[in-house]
Structure formats: C-alpha cells, structure tokens
Amino acid sequence: MYQTIIMPVDVFEMELSDKAIRHAEFLAQQDGIIHLLHVLPGSSSFGLHRFAADMRRFEDHIQHEAQTRLKTMVSHFSIDPSRIRTHVSFGNVRDVVNEVASELKADIVVIGSRNPSISTHLLGSNASSVIRHAYIPVLVVR
C-alpha cells in the first residue's frame, strides 16, 4: 500500500505506540518501510546556556536511551526488522516530522493519540500539531 511510513513515537510511553504498530504494519503490506521517529526537545528550549557541556552530556545520554528503546520497540512488530528504521532527532515534533517526511519522500504519517484535552480538541497535543502542519496524509490511531 504505502512505501514509506513515518511513525512518530514516544519511547517513554510505549503503550501509546503499541496501538499504532498494527496499523502501520497493515499499511506497509508487502514491502513498505516503517520509520520509527522519536523527537527529543532541543537544549535551546531548556534555556540553560551556561551549562552547555552538561546539557550536551545529558542530550547524548537521552539520545542513546531513546535509540536503545527504539531498537526494543522493533521487536513489537511482526514484519521483518530489516523493513523498520529508527531515528532520534532533537526539536519540535511537528517540525521534525515534516522535515523527515520531506527528506524521505514519505507517503503517510501514523501516530498514536490519547488523553486529549479541550485545548487540543479531542486529540493529543503532538498528534494535533502534526495533523495541522503535515504536508502528507496522517492516520491517527486511538
């Protein structure tokens, strides 16, 4: 069905992504590639420039931890692991999803959502933001 699928995930809330996994697998069918993407906040959003060396070590640590958890998440899929790629980036989820979608010429974004509030109008804040700014179709799984 789709050749390139981006699946933004929060590796620290795996149960949210578990719902979306089956949908992404279905959309990938025979030969599609699923790109798991975890986005971490950049240090510029922390406002602690005086502690640049410490922030760099912290970013390295959380990036390594996120990559480890993404590799664990690959085992939750029933498709061949060679068809799953992992990416860890820093920045805003909405912006990074659009950048990666553009770079990979992605066909669709599959994202899990839960715990909506009135301010996000029935979707989680990241899912809501991705939908509003995406250049490609987005499938939200609840």
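The values are calculated or read from the model by the stated rules, or taken from the named source; none is laboratory data. These numbers come from a predicted model, not from an experiment. Cβ: placed from backbone, ideal geometry, glycine included. Neighbour counts: every protein chain shown. Note: areas computed on protein heavy atoms with side chains; ligands, DNA, RNA excluded. Shrake-Rupley method; radii C 1.70, N 1.55, O 1.52, S 1.80 Å.
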Problem - Spacing of the two label points (7 Å from each Cα toward its C-beta) at residue 13 and residue 95, in nm - result: 2.1
Practice task
Could you bin all the Cα-Cα distances of the chain into 10 Å bins starting at 0 and give me the percent of pairs in each, rounded to whole numbers?
Solution key: 12, 41, 34, 12, 1, 0
Fill in the blank from the handout: The answer for the chain, accessible area per residue at 1.4 Å probe in Å², is 56
Completion exercise
Of the candidates 32, 61, 14, the farthest towards the positive dipole end of the chain (Lys/Arg Cβ +1, Asp/Glu Cβ -1, centred on the Cα centre) is 14
Exercise for the section: Tell me what the chain gives for mean residue ellipticity at 222 nm when only DSSP H runs of n ≥ 4 count, each as -39,500 (n - 2.57), the sum divided by the residue total, rounded to 500 deg cm²/dmol. Expected result: -13500 deg cm²/dmol
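Taking all protein chains as present, what is the carbon and sulfur share of the accessible area of the chain, in % to the nearest whole number, probe 1.4 Å? Spell out each step's value before the answer.
Details: 4300 of 7970 Å².
Heavy-atom surface of the chain belonging to carbon and sulfur, 1.4 Å probe: 54 percent.
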Practice task
Quick one: angle between helix 93-104 and the longest Cα principal axis of the chain, in degrees between 0 and 90, rounded to 10, please.
Solution key: 60
Exercise for the section: Hey, for a label at residue 1 modelled as a point 7 Å past Cα toward Cβ, could you say which residues of the stretch 67-111 have their backbone N under 12 Å away? Expected result: 108-110
